[in-house]
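Structure, as structure tokens:
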Amino acid sequence: EAPAETETEAPATSHEHTRTGMSKASLKQAYIDNLFYIQGRFREVATPHDLYMAAAFTVRDRMLERWVKSAQVYKSSRARTVCYLSAEYLLGPHLANNLVNLGIAEVAQRAGEELDLDFKAILEEEEEPGLGNGGLGRLAACYMDSLATVQIPAIGYGIRYEFGIFDQIIEDGWQVERSDTWLRNGNPWEIPRPKISFPVMYGGHTEHYRDQAERPRVRWIPDMVISGVAYDTPVLGYGVGNVNLLRLWKAEATESFDFQTFNVGDYYGAVHAKIEAETISKVLYPNDDPEAGKELRLKQQYFFVSCSIQDMIRLHLNTVGPLETFHEKFVAQLNDTHPAIAVAELMRLLMDDHAVTWDDAWATTRATFCYTNHTLLPEALETWSVALFERLLPRHLEIIYEINRRFLDEVRVRYLGDEERVARMSLIDEAGGRRIRMAHLAVVGSRAVNGVAALHSELIKTTLLKDFYEMAPERFHNVTNGVTPRRFIVVSNPRLAELITEVCGHDRWIRDLDSLRELEAHADDPKLQARWREVKTAAKRDLAVWLKRHAGVLLDPQTMMFDIQAKRLHEYKRQHLNVLHIIRVYQRLKQNPNLGMVPRAFIFGGKAAPGYYMAKLMIKLINAVAEVINNDPQVNGYIRVAFMPDFNVKNGQRLYPAADLSEQISLAGKEASGTGNMKFSMNGALTVGTLDGANIEIREEVGAENFFLFGMTAEEVRRKQDEGYRPWDYYHGDQELKSDIDLIASGLFSHGDTNLFRPLTEHLIHQDPFMVLADYRAYLECQDRISTVYDRPAEWDRMSILNVARMGKFSSDRSIREYAERIWSIEPQPLGA
Ligand code: CJB
């Protein structure tokens with residue numbers, strides 16, 4: 001039974017509404033009501049999931065009023081609005097985050113305690129919407145949080161995948177994928193909007209005709225029409241009244257289509273059509289996967305883009321009016337090339353449906369879109385075969401050809417006689433089967449192009465988009481990525497948040513991360529250092545408990561340095577370089593069991609794309625090395641290895657607070673930015689890293705003396721590649737390197753099987769495209785320095801405090817402000833909490 005009121009407080013009903021009131025009494029009453037009236041349960045029979053749902057509805061109710069208010073204000077002020085077009089949103093659990101942003105985390109916890117609820121267990125119950133692969137999808141989610149917090153009117157558009165990123169389990173050391181059924185128990189955070197739905201067409205042919213005014217027009221006669229239905233999720237800013245909208249589209253069969261088929265008596269045909277339509281938003285494609293080149297993926301991209309642009313036009317006509325001002329009302333950010341077809345879609349809708357001329361439509365389109373590039377890796381640069389386009393999107397192919405024709409004429413006039421340049425810049429790659437270059441479409445159709453960290457943005461200008469940069473340098477920008485401190489400090493690491501607030505004497509830092517600088521003055525204070533260390537150790541203890549249970553590995557949070565690499569598995573991220581270091585330490589210990597060394601827990605987390613063989617083999621290698629080391633009593637008091645299964649946002653939140661050392665060891669020039677690097681550092685981990693992506697800027701901010709740098713620069717990498725890189729020479733030139741690789745090949749980690757890891761070791765010795773061997777020695781030396789410093793706690797703690805103190809730049813609030821000022825030209829629309 002619920003304990004009696006402990007504080008003198010007015011009963012909820014006397015002064016505030018139980019659906020919106022924020023007092024403890026209101027929250028308690030609302031919770032009990034929601035449990036009963038929505039879940040149909042009372043405490044005695046409620047399942048853990050019922051208890052979670054009641055909490056979710058209690059919190060959601062408190063967001064709705066702000067949401068409606070924001071929508072009204074934005075509408076009546078005709079506020080300029082950002083539309084973020086992204087195929088991925090890796091949101092993570094909503095409940096804790098919304099409690100924090102509403103400012104009721106503490107009172108809700110107390111209300112829960114008085115209702116005798118296990119608050120932690122309720123938070124654990126939430127299944128996260130994993131509607132993204134990794135960094136790019138999580139960035140979109142951080143940006144939604146910051147857009148609301150810095151009070152910029154925004155709509156996030158995307159796909160409501162029925163199955164998000166697969167769940168990873170580890171069996172016999174291998175990754176096994178399980179489908180992510182995140183919707184099976186319902187999603188309390190979304191509101192279906194069946195009335196907001198749009199037709200989306202595929203296939204068929206086009207007809208050219210003249211309209212009544214004798215203007216040349218085109219109509220598209222598709223052979224398939226489906227419909228996209230809106231599902232809305234409110235996104236509340238921290239400490240403000242602004243609520244933005246995340247609108248995700250679900251694919252359904254159109255009613256009329258069903259009905260027609262039904263009328264001619266083809267019942268099974270109608271059902272089949274329904275299934276085919278619903279397939280389009282069924283599943284998220286993993287990146288780095290050959291499957292991602294498939295027709296269904298292009299259908300998905302076009303599906304959500306078409307719904308979103310139709311919705312924008314509807315909103316514009318409803319609120320502002322004439323389409324000439326569309327680009328004044330909206331700016332649309334293309335999150336990588338996945339939504340790049342939007343350029344052709346807006347052209348089509350303006351010309352074919354709204355009779356706008358080519359020139360006017362092009363001016364509007366060009367003024368509407370901006371494009372963010374997230375990678376230089378050639379395999380991730382999207383192209384689609386012309387044949388596929390012709391079959392699926394015949395009208396868009398015509399438009400793309402016309403955009404290209406006009407654009408290449410400009411290039412020809414600008415660079416007389418330079419036909420090679422024309423071929424390089426064309427939207428169509430004519431070599432080896434004609435393909436459409438989506439990045440070129442995005443650049444040509446946008447007003448601004450940006451990379452995601454300083455180095456990356458420079459490399460865009462000098463390599464990938466060099467010709468485009470030469471032609472219009474003023475359109476190229478950098479906006480360094482950021483992450484939200486709400487989720488990645490306050491929600492993930494409440495102990496650290498509390499300590500920071502106490503030391504600073506305010507909690508303003510949560511939305512003004514630069515004010516963490518106030519910690520600098522205390523970096524040498526032994527009392528703060530001791531408490532800092534306690535906070536870290538407590539987080540390590542939590543992680544150790546979790547890993548014992550879910551990975552079966554016992555780690556000692558008291559004595560061991562927690563050395564963590566958590567990110568997607570990819571050769572360029574070089575998890576195998578980390579493994580070579582582990583094997584080196586292992587061999588040293590075997591040779592000298594009395595070697596005094598800093599004990600370390602090497603912890604990994606990350607998913608491999610299901611079709612990426614080498615990445616999956618790397619997971620197996622990590623687990624194979626773990627099995628040998630963890631069971632070897634000669635070494636396992638000093639080193640242990642753990643692989644966290646199913647690294648996602650929720651599990652990431654367990655890792656970031658617990659890390660002493662953050663591994664950011666990609667080959668320089670390959671990691672566009674990285675954002676995990678920021679999350680770790682914000683939680684007091686020191687970074688071992690290369691001069692790649694945002695590592696460079698993190699090092700600049702925290703100070704070179706507080707960052708463990710190793711390895712070649714991007715420039716050195718390029719030179720070495722030009723000279724002809726020979727990993728073989730490194731292998732034979734370094735005894736220890738050779739012996740580490742040979743140990744893998746010997747079968748020690750594979751029960752004598754000398755074939756299992758051969759593809760990996762041979763690839764390293766003969767190709768090594770990401771130069772693991774070239775950076776090996778520098779990495780080892782750096783790791784030795786790290787161990788030395790870790791042995792001097794006062795020094796380490798000081799560095800850790802300074803890292804946190806100087807992370808202000810990496811708040812996604814700063815990124816969003818830069819986009820707003822430099823790219824979008826949009827002003828905040830403040831709404832009070
Ligand atoms: N990124 O996650 C993805 N998926 C892609 O297809 C291309 C790039 C990552 O985007 C992050 C956000 O910008 C970057 O921090 C990261 O370096 C990049 O790999």
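General observations
- Residue match in the range 653-666 (condition: modelled with pLDDT of 95 or more, in the same structural domain as VAL625 (by TED's automatic domain parsing) and touching a His at 6+ places or on another chain (Cβ under 7 Å)): no
- If only residues of the range 114-137 that are part of a loop (DSSP other than H, G, I, E, B) and under 27 Å from LYS567 (Cβ atoms) are counted, the one that is nearest to the ligand (Cβ to nearest atom) is GLY134.
- Positions within the range 7-27 being outside any helix (DSSP H, G or I), modelled with pLDDT of 55 or more and of a type outside the set (Asp, Glu), in sequence order: HIS17, THR18, ARG19, THR20, GLY21, MET22, SER23
- Per the listing MET618, MET644, the residue uniquely more than 14 Å from the ligand (Cβ to nearest atom), modelled with pLDDT of 95 or more, farther than 27 Å from SER800 by Cβ and not assigned by TED's automatic domain parsing to the domain that holds THR372 is MET618.
- Check on LYS195, in a strand (DSSP E or B) and under 24 Å from the mean Cα position of the chain (by Cα): no
- Residue tally, condition more than 16 Å from the ligand (Cβ to nearest atom) and out of contact with any strand residue (DSSP E or B) (no Cβ under 8 Å at 6 or more places or on another chain), over the range 347-388: 19
- Condition met for SER457 (closer than 21 Å to SER815 by Cα, in contact with a Phe, Trp or Tyr (Cβ under 8 Å, 6 or more places away or on another chain) and assigned to a loop (DSSP other than H, G, I, E, B)): no
- Annotation: SER666 fulfils all but one of (1) buried (at least 21 other Cβ atoms within 10 Å of the Cβ); (2) more than 28 Å from the chain's Cα centre (by Cα); (3) touching a residue at least 60 places away in the same chain (Cβ under 8 Å); (4) within 30 Å of MET712 (Cβ to Cβ); the unmet one is (2).
- Positions within the range 333-350 being hydrophobic (A, V, I, L, M, F, W, C) and surrounded by 22 or more Cβ atoms within 10 Å (Cβ to Cβ), in sequence order: LEU334, ALA340, ILE341, ALA342, VAL343, ALA344, LEU346, MET347, LEU350
- Exactly one residue out of MET597, MET560 is touching a Lys or Arg at 6+ places or on another chain (Cβ under 9 Å) and at pLDDT below 95, and it is MET597.
- Of everything listed in (1) at positive phi; (2) within 16 Å of the ligand (Cβ to nearest atom), the single unmet condition for GLY684 is (2).
- Against the list (1) touching a residue at least 40 places away in the same chain (Cβ under 8 Å); (2) in contact with a helix residue (DSSP H, G or I) (Cβ under 6 Å, 6 or more places away or on another chain); (3) more than 21 Å from TYR143 (Cα to Cα); (4) not assigned by TED's automatic domain parsing to the domain that holds ASP514, the condition SER812 fails is (3).
A quick yes/no check of all residues on (1) within 23 Å of the chain's Cα centre (by Cα); (2) surrounded by fewer than 20 Cβ atoms within 10 Å (Cβ to Cβ); (3) part of a loop (DSSP other than H, G, I, E, B); (4) not β-branched (Val, Ile, Thr):
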site: LYS670; (1), (2), (3), (4): yes, no, yes, yes
site: SER681; (1), (2), (3), (4): yes, no, no, yes
site: VAL688; (1), (2), (3), (4): yes, no, no, no
site: GLU700; (1), (2), (3), (4): no, yes, no, yes
site: GLY711; (1), (2), (3), (4): no, no, yes, yes
site: GLU716; (1), (2), (3), (4): no, yes, no, yes
site: GLN721; (1), (2), (3), (4): no, yes, no, yes
site: GLU736; (1), (2), (3), (4): no, yes, no, yes
site: ASP740; (1), (2), (3), (4): no, no, no, yes
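- Matching residues in the range 148-163 - criterion: being within 16 Å of the ligand (Cβ to nearest atom) and closer than 22 Å to PRO485 by Cβ: GLY156
The values are calculated or read from the model by the stated rules, or taken from the named source; none is laboratory data. This is a predicted model, so every value here is computed, not measured. When we count neighbours, we look across all protein chains shown, and the Cβ atoms used for this are built from the backbone with ideal geometry, even at glycine.
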